[in-house]
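The values are calculated or read from the model by the stated rules, or taken from the named source; none is laboratory data. Since the structure is predicted, the reported quantities are computational estimates derived from the model, not experimental observations. Counting neighbours? That spans all protein chains shown, and the Cβs are built from the backbone with ideal geometry, glycine included.
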Amino acid sequence: MPPVLPRARGEIALSTKPVAGRSVLDTLRQSGAYKALFPRPEHSLQAILVNTSGGVTGGDRFHVTAHIGADTHTTLTTQAAERAYRASPGETGHMRTRLTVWENATLHWLPQELILYNGCALDRRLEIDLAPTARLLMAEPILFGRTAMGETLTDATFRDRISITRQGQPLYLDGVSLTGDLAARLARASSGNGAAAMVSLLYVAPDAEAHLDPLRALLPATGGASLLAPDMLTLRLVAPDGHALRTHLLPALDRLSRGALPTSWRL
């Protein structure tokens with residue numbers, strides 16, 4: 001029998017609360033290969049998620065659960081780009097994130113890029129439930145291979161599901177399911193037209209409509225922004241590589257975060 005290879009496990013569970021006008025950590029539990037670091041900004045709380053195993057491969061399992069307390073402002077980001085490495089046949093890596101945002105709270109869910117390597121197999125799910133007065137800025141950037149190294153994804157599996165609800169009622173549902181020669185599929189004009197990078201962004205706040213025209217002015221021809229509701233703005237952008245993606249994404253995030261983009265994004 002082939003040897004049983006070690007698999008990474010990691011879990012982070014946290015909650016926040018307001019204290020004297022500041023957002024602070026209330027509870028924290030972390031285990032395995034997932035850790036959270038906490039810089040000290042003035043009023044908001046920032047958590048940087050760190051995968052100490054260095055990436056995700058087949059059989060790995062990572063979980064994040066967060067309760068963003070009422071009247072708090074929290075940013076969840078990552079130390080660096082996450083990497084989905086080659087998986088053994090028949091094995092899939094799993095990433096699960098469940099976030100709850102309570103009344104008058106603001107959550108910025110801003111992980112850095114997910115890089116898919118050739119041969120990877122990843123199943124990822126993000127679920128966020130908002131209270132009626134909660135605000136959200138979410139961005140999920142993805143790189144399809146390491147273009148600077150000439151890598152193309154000729155054999156990979158990627159399943160991604162995003163579910164945003166308000167008190168359990170659907171606001172935004174998105175899904176990607178790609179298997180096999182991803183480079184060939186993304187080369188089609190009807191899918192990526194040769195793109196190797198993509199980001200999905202959602203902004204839920206009362207001033208969403210005011211940002212629509214300025215964001216459209218920041219986007220190239222391969223991006224688009226629209227309103228799903230007066231308080232909900234969505235943006236989708238594809239680009240030839242990660243550098244081009246960031247060139248257009250960073251100004252949009254700076255605007256929507258009011259200049260509070262995490263420091264790790266600028267390193």
Gly175 more than 23 Å from Glu103 (Cα to Cα), surrounded by 18 or more Cβ atoms within 10 Å (Cβ to Cβ) and in contact (Cβ under 8 Å) with a residue 12 or more places away in the chain: no
Test: residue in segment 51-61 that is modelled with pLDDT of 95 or more, within 16 Å of Thr100 (Cβ to Cβ), assigned to a strand (DSSP E or B) and of a type in the set (A, V, I, L, M, F, W, C): no
Residues that are surrounded by fewer than 20 Cβ atoms within 10 Å (Cβ to Cβ) and over 22 Å from Asp71 (Cα atoms), drawn from segment 38-54: Val50, Thr52, Ser53, Gly54
Selection status of Ile128, touching a strand residue (DSSP E or B) at 6+ places or on another chain (Cβ under 9 Å), within 27 Å of Leu227 (Cα to Cα) and surrounded by fewer than 22 Cβ atoms within 10 Å (Cβ to Cβ): no
Number of the exception - Gly10 against (1) closer than 30 Å to Thr157 by Cα; (2) of a type in the set (Gly, Ala, Ser); (3) touching an Asp or Glu at 6+ places or on another chain (Cβ under 9 Å); (4) not in a strand (DSSP E or B): (4)
Listing of strands (runs of 3 or more DSSP E) fully contained in segment 102-173 that carry 2 or more residues being closer than 21 Å to Gln79 by Cα: 106-110, 114-116, 121-130, 135-144
Tally of residues being outside any strand (DSSP E or B) and either in contact with a Gly (Cβ under 7 Å, 6 or more places away or on another chain) or among the β-branched types (Val, Ile, Thr) (or both) across segment 22-42: 1
Matching residues in segment 62-86 - criterion: being without any contact (Cβ under 8 Å) to a residue 60 or more places away in the chain, surrounded by 17 or more Cβ atoms within 10 Å (Cβ to Cβ) and of a type outside the set (S, T, N, Q): Phe62, His63, Val64, Ala66, His67, Gly69, His73, Leu76, Glu82, Arg83, Tyr85
Test: Ala225 is of a type in the set (Gly, Ala, Ser), at pLDDT below 95, on the phi < 0 side of the Ramachandran plot and not in a helix (DSSP H, G or I): no
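Let's see how each residue does on (1) of a type in the set (Val, Ile, Thr); (2) in a helix (DSSP H, G or I); (3) closer than 23 Å to Gln46 by Cα:
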site	(1), (2), (3)
Arg216	no, yes, no
Pro220	no, no, no
Leu235	no, no, no
His243	no, yes, no
Arg246	no, yes, yes
Pro251	no, yes, yes
Arg258	no, no, yes
Filter result (among the basic types (Lys, Arg) and farther than 30 Å from Pro230 by Cβ) within segment 158-208: Arg159, Arg185, Arg188
